[in-house]
Amino acid sequence: MKIMANKKLIILLSLGFILMFSVTASAHRVVVYAAVEGEELIVKGVYGDGDPVQKAEVEVYGPAGKLLVSGKTDTDGKYSCPLPAREDLRVVLTAGLGHQAEYILSKDEIPEINNQTGSTNLQGIQEDELRSIISEELDRKLKPLQNTLVDIQLASSRPGMTEILGGIGYIFGLLALYLYFREKRRNKNDDR
């Protein structure tokens, strides 16, 4: 009788693990991106399913770990403020219930502002030289976006905690089934 109670307990626990940990929660993964437009820092936060992270806490830290500015995202998951410093910045977005993401905005990603007045004389510039200048500027501007896309692709290709725990729960469930059928076979052989 005691063996039967232990088997039922193992089966119930295994089923509980499977049900509890196999539910995917990728919709709750938080992604944050930061960029500089002119003299303004723009932060955007979204969940894994693309929904905006509303009213989330945003904190911007300098290279020494000092808090430079903080605020909250709006209903579109956006936060903007004047650029606090022209140095490496760490942007942390906290969406509550342990959901947190961070983005490192390197000094190289912050565009230089040239406030010189006057017009630029383009006479005398060859077409190839102009193409080269434009290409270099586009490469510099698009580099942060390329890095972000690579980071997102890498993050989405790795299994998350939910997938790992779901796999462990699945293994426990298979182990419980194995033990159940093994014990059932033993009881059947003992009855003979």
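The values are calculated or read from the model by the stated rules, or taken from the named source; none is laboratory data. The structure presented is a predicted model; accordingly, all values stated were derived computationally and were not measured. Neighbour counts are summed over all protein chains in view; Cβ atoms, including those assigned to glycine, are modelled from backbone coordinates with ideal geometry.
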Pairs where the first residue, in segment 169-192, is acidic (Asp, Glu) and the second is at pLDDT below 85 and surrounded by 14 or more Cβ atoms within 10 Å (Cβ to Cβ), C-beta under 8 Å, 6+ apart: 183/7
Matching entry among 76, 51 (being closer than 21 Å to residue 145 by Cα and in contact with a strand residue (DSSP E or B) (Cβ under 9 Å, 6 or more places away or on another chain)): 76
Cβ-Cβ under 6 Å pairs, at least 6 apart or on other chains, segment 78-97 side part of a strand (DSSP E or B), far side surrounded by 16 or more Cβ atoms within 10 Å (Cβ to Cβ) and aromatic (Phe, Trp, Tyr): 90/61; 91/103
Index of the failed condition, residue 132 passing every other in (1) assigned to a loop (DSSP other than H, G, I, E, B); (2) modelled with pLDDT of 70 or more: (1)
